[in-house]
1. Being assigned by TED's automatic domain parsing to the domain that holds LEU243, on the phi < 0 side of the Ramachandran plot, touching a residue at least 40 places away in the same chain (Cβ under 8 Å) and of a type in the set (Phe, Trp, Tyr) narrows it down to one residue among TRP78, TRP63; which is it?
2. List the number of the failed condition for THR2; all other conditions in (1) of a type in the set (Val, Ile, Thr); (2) surrounded by fewer than 16 Cβ atoms within 10 Å (Cβ to Cβ); (3) at pLDDT 95 or above hold.
3. Do we have any residue at all in segment 379-398 that's touching a residue at least 12 places away in the same chain (Cβ under 8 Å), crowded, with 23+ Cβ neighbours inside 10 Å and farther than 26 Å from ARG35 by Cα?
4. Every residue in segment 655-666 that is aliphatic (A, V, I, L, M), part of a loop (DSSP other than H, G, I, E, B) and touching a helix residue (DSSP H, G or I) at 6+ places or on another chain (Cβ under 8 Å), please.
5. Taking only segment 308-350 into account, find how many residues are among the basic types (Lys, Arg) and surrounded by fewer than 22 Cβ atoms within 10 Å (Cβ to Cβ).
6. Could you check TRP340 against (1) assigned to a helix (DSSP H, G or I); (2) farther than 30 Å from ASP273 by Cβ and say which number it fails?
7. Can you find even one residue in segment 503-520 that is over 33 Å from the mean Cα position of the chain (by Cα), at positive phi and part of a loop (DSSP other than H, G, I, E, B)?
8. Tell me which residues, restricted to segment 180-220, are of a type in the set (Val, Ile, Thr) and assigned to a helix (DSSP H, G or I).
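The values are calculated or read from the model by the stated rules, or taken from the named source; none is laboratory data. The model shown is predicted, which means the values in this text are computed figures rather than measured ones. Backbone-built Cβ (ideal geometry, glycine too); neighbour counts: all protein chains shown.
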Amino acid sequence: MTTRRPAPEAPPLELWGGHECTVNRVGDGWMDQTRLSGHHDRPGDLDLFADLGLKALRYPVLWERVSPDSPDKADWSWSDERLERLRALNIRPIVGLVHHGSGPHYTNLLDDGFAEGLARHARATAERYPWVKDWTPVNEPLTTARFSALYGLWYPHLRDEGAFWRALLNQIDAVRLSMKAIREVVPDARLVQTEDLGRCYGTELTAEQAAFENHRRFMTWDLLCGSVKPGHALWPRLVRFGLKKRLAAIAADPCPPDIVGVNHYVTSDRFIDHRVERYPPETRGGNGWIEYADVEAVRVLEQSPRGLALALEDAWERYHLPVAVTECHLGCTREEQLRWLGEAWATVRQAHADGMDVRALTAWSLLGAYDWDSLLTNARGRYECGVFDVRSGTPRPTAAAGLLKALSNRAATPLAASGEGWWRRDTRLLFEPSRPICGTALSRGSEGRSTEQARPILILGATGTLGQAFARGCAQRALSHVLTDRKGLDLADPVSIAAALEKNDPWAVVNAAGWVRVDDAEHHPEACMAANAWGAVALAEACRDRDIPLVSISSDLVFDGRTREPYLEDHETNPLNVYGRSKAEAERRLLAMGGRNLVLRTSAFFSPHDRHNFAVAVAQALEAGGVFTAARDQTVSPTYVPDLVNAALDLLIDGEIGLWHLANRGAVSWAEFARQVAGKLDLDPRQVRAVPTSTFKLPAARPRWSVLGSSRGVLLPSFEEALDRFAEGYRTGAPVVRTRSSDAA
């Protein structure tokens, strides 16, 4: 199957990038990731990409976007501006023409004219940009054919193997004809052909199916290389679908890639198991003669799959063509994104050192992605962060941007990138561990992994809700941490503060300690101010002097409630009680002193793990058959503590400073909050009695409205979604954290 040998010395490794640019169709609806991320209206993003040190950028000039209404009507204005800017920035574009799409509305993957139509668009694109050398006419043809014609997820929504093979061959023909048209304009144009590449593992009874899937995964490149002919493992199967003549025509006029583009994700490797009773119903399927469950291999195999390292070996050994990792992304917490990117870079470097002609690692999803958790079938606006976070409307560089710059400059990587990713830890397992009978090629050790022990995060507040929650969050994310109480660090004693910082040598500090009893503060104002303001300032000064980032927690009670719009970070504070004044004073001093202070305002905590919060109190009262009384005239934005902790840790790792608002999206009165808790737990909302705040005769005044919004980016999901996870956690006795393991392809 070899078609080309590499030069004796492979070119040096490069870093490439790409923003998630899928335009896919579901029914009559279209989802355009370039518009969703805001990149469509922000040409300045390209300068941000250039600042990362990228040498090339996978970039869309998509058929659906250029000629959406008619093949005879093209609008090049958007592409003209962007490609010229890339040229000025000295970034090579790798131009994509269809990215998980089925073409404009006047064609589709099963249209006999699909290939010729795309070739026409390809020629026009090459004529307009003859200086572009690298092209990907169709991204991931096999994956797109599976999702569109075998699984029925995308247009034309078929679940038919014959249609799947026709959709694949139509895309292969589109690549071949497009490259022929491009090379008539740009003779030295290169084909960078991308495809998702993982391995299928299985039990003995699923061995035949696993073998089939392990052959099928190569079909994009096999077809382009002209090797699908008599003797190929899948030749008889395709011939049975009446495709013999088409296969012969493709084999007679191949179009081998100049670069084999390997897209690989943590979830690319699969495990199929005939013991379906071990798995949830949604994982179960079959092939007509055996039922099996199909799950992520990393979630079930005793030993973690070798993943990207094996994918590179497989691609190199099969084709001996230059290889690049053309997508590298993980939708997860920030340090896991860093670990995945760092491990991928180490893997690529090792493959390069071992003699493979590996050209690049591509940081994919630079601007994040929307709704890949539903495989783009539901436009719910579920965002997973990329190298930049676009939730404020202006791309904010995350720690991944810093890591890319470090990799491009061979500089030191961020501390949070150390340690093993979740895909290497025992916590990765969601099902009973299994040993595969077929497809075996598992981890042999610490390949590509960092085992460096990072300096810890020092967390104050060992006896409080937030201190415990931050420690739990760090443990779940494998972030080294130390949780301390007043004996370990007394905020009232500068000597104690200095000693604790010296002893623990933290790279960051989270101050989750302080006075929390709002009404008692009215009777002990000095003690409250000492704990929440003067102690917080003393700690911040000590951290500033040592250049240590500090996270401090503030409150919605710094506001007076005289508005009916969500409070943003720049709204003027005017607290109504002693507790609010203590938090406002701490904010003012911390934000004015300089240093690396991150101040987080939040509101109305609830969590299933901590039994001393409003939502749990509601549940316990109603379960006991009692009545729960709550204020109807105070409106808040409740905050699910696991969401708060995860967002705070992400911001800390990103190196963010200044003031941020963190609360779940939504606004409810305390009484409505109680009713919704009751509803989620199948309790009787009628047992909630709504009363005016004056009923409680509380010593501390509260604002009637303290809903938090943000001008810097709304980072937490909706209150309704958080309440669903609270209810699940309350029933099971454990907090449920929003997972982010979907992968943009």
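1. Values: TRP78 fails: touching a residue at least 40 places away in the same chain (Cβ under 8 Å).
Answer to the check: TRP63.
2. Evaluating THR2 over (1) of a type in the set (Val, Ile, Thr); (2) surrounded by fewer than 16 Cβ atoms within 10 Å (Cβ to Cβ); (3) at pLDDT 95 or above leaves (3) as the failure.
3. no
4. Within segment 655-666, the subset aliphatic (A, V, I, L, M) is 657, 659, 662-663.
Adding the requirement that they be part of a loop (DSSP other than H, G, I, E, B) leaves 657, 662-663.
Hits for segment 655-666 are LEU662, ALA663.
5. Restricting attention to segment 308-350, the residues satisfying the condition of being among the basic types (Lys, Arg) are 318, 334, 339, 349.
After this cut, where a residue has to be surrounded by fewer than 22 Cβ atoms within 10 Å (Cβ to Cβ) as well, the list is 318, 349.
Selection size over segment 308-350: 2.
6. (2)
7. Scanning segment 503-520, I find at least one residue that is over 33 Å from the mean Cα position of the chain (by Cα), at positive phi and part of a loop (DSSP other than H, G, I, E, B), so the answer is yes.
8. Kept after step one, since they are of a type in the set (Val, Ile, Thr), are these residues of segment 180-220: 182, 185-186, 192, 194, 203, 206, 220.
Those that are of a type in the set (Val, Ile, Thr) and assigned to a helix (DSSP H, G or I): ILE182, VAL185, THR206, THR220.
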